[in-house]
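One structure is given below, encoded as structure tokens.
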Amino acid sequence: MKKDILSLELNELCSDLENIGEKKFRGKQIYEWLHTKRIHNFEDMSNLSSALRTKLSEIYCINRINVVRTLESSIDNTVKYLYELSDGNHIESVMMEYKHGNSLCISTQVGCKMGCNFCASTIAGFKRHLTVSEMLLQVYEAEKNSGKHIDSIVLMGIGEPLDNFDNVIKFLKILSFEIGKNLSLRHVSLSTCGLVDKIYELAEYKFGLTLSISLHATTDEKRNEIMPVNKRHNIAELLQACKDYIEKTGRRISFEYAVIHGVNDTHEDATRLIKLLKKLNCHINLIPVNEIKERNYRSDKNALLSFQSILIKGGLNATIRRTLGADIDAACGQLRREYEL
């Protein structure tokens, strides 16, 4: 099987080339073709000899993902991409327009094994991890397709990023490398449902990214119901990992809280949330839940506003996430599921 050259860091590529008798500096030339000029064929690498281009094509492949469907919102310019991977699987990404620039929400897995009750991504089940190149190509293809510059990245699409830990770490290194996209990781947000052991590992890298924790409940009993991961890592363990992350990185954590009417949006829930988070350097992002036909979950506007008010009065920084792409069902997982039915 040929090696996925887009998934290699520069030092790995240079080492490979030395092992096949080539000069180390060729690695930088090839890397620039792949990540700056973003070519798809070794034959286009015009500053390499014909013999080297042939050798590369025998050893490596340049991965591709293809846009099979694009939905564009008539309300706010949000664009949703459905991609087909080389093995026929499908993933999604969503490009959102903000005053500060364009943000792309990307997927990290084909499906998800976490089983959160309110999430469309988990319904079809988990198939496999995405490779480094498949994550990068969501960024590259969105820029090519839209003609717009991606200013920030959110790892909050299909899949649990920390469950694909090694590939995600490598993706972040290549994404921020000076040759290529060169995106500061301060413009990256990574969302996790709470894989505690991986949060500790992530903290050691001190990437400077924003860690977003999907909390969604204030008691273990309730979180066990809607987020099975809580049976592995309960709320107390999760918050201890968050404290460690803040201490090691100096970065504020964002807590995601999908406000589900009749499930987690009571005055008591808000009061418990204040007690849980008031000593942490954090921001609470309240999310109107996305309605999916397989679940009877919804948000109530008045209850959502009341919930926010209680948190703010309790001293927490709480905002309500702006709903984008409402006319195209921009929540990740829905387009893929409908396409594959």
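Roughly how many debye, to the nearest 20, is the charge dipole of the chain about its Cα centre, given +1 on each Lys and Arg Cβ, -1 on each Asp and Glu Cβ, and no other charges? So the magnitude is around 640 debye.
To the nearest ten degrees, helix 235-249 and the longest principal axis of the Cα atoms of the chain are 50 degrees apart.
Here the dipole of the stretch 1-50 is about 100 debye; that uses its Cα centre as origin and unit charges on the Cβ of Lys and Arg (positive) and Asp and Glu (negative).
Can you flag which of 28/206; 23/144; 3/23; 24/198 are past 30 Å Cα-Cα? In this structure, 23/144; 24/198 exceed 30 Å between Cα atoms.
Which Cα, out of 14, 234, 316, lies furthest along the positive dipole direction of the chain (beta carbon charges, K/R +1, D/E -1)? Projecting each Cα onto the dipole axis, the largest value belongs to 316. Angle of helix 267-277 to the longest C-alpha principal axis of the chain, folded into 0 to 90 degrees and rounded to 10: 50°. Note: relative contact order over the stretch 84-170, using C-alpha pairs below 8 Å and six or more positions apart, is 36 percent. Measuring nothing but how far apart in sequence close Cα pairs (under 8 Å, 6+ apart) lie, relative to its length, the chain scores a relative contact order of 15 percent. How much of the DSSP beta bridge set in the chain is antiparallel, as a percent to the nearest 5? Here the share of antiparallel DSSP bridges comes out near 40 percent. Largest GNM mean-square fluctuation among 267, 90, 35, using the chain with Cα springs under 10 Å: 267.
Taking the 0 to 90 degree range and rounding to the nearest ten, how far is the long axis of helix 165-176 tilted relative to the main principal axis of the chain, both from C-alpha atoms? Helix 165-176 and the main axis of the chain meet at about 70 degrees. Sparsely packed loop sites in the stretch 112-179 (the GluC sites (Glu not before Pro) outside DSSP H, G, I, E and B with at most 14 other Cβ atoms within 10 Å) comprise 178. For the stretch 28-87, which GluC sites (Glu not before Pro) pass both filters: DSSP loop (anything but H, G, I, E, B) and at most 14 other C-beta atoms within 10 Å? Answer in residue order: no site qualifies.
Shape of the stretch 3-61 from its Cα gyration tensor (a ≥ b ≥ c, root eigenvalues): rounded if a/c is under 1.5, otherwise prolate when a/b > b/c, or oblate? Verdict is rounded for the stretch 3-61. Each stretch of four or more DSSP H residues adds -39500 (n - 2.57); spread over every residue of the chain, this sum gives -10500 deg cm²/dmol at 222 nm. In a DSSP loop and with at most 15 other Cβ atoms within 10 Å, the chymotrypsin sites (Phe, Trp or Tyr not before Pro) in the stretch 1-104 are 25.
From the alpha carbon centroid of the stretch 112-160 to that of the stretch 10-78 is 21 Å.
Rule-based calculations on the coordinates, nothing more; no lab input. Just so it is clear, the model here is predicted, and its values are computed rather than measured. Virtual Cβ from ideal backbone geometry, glycine too; neighbours counted across all protein chains shown.
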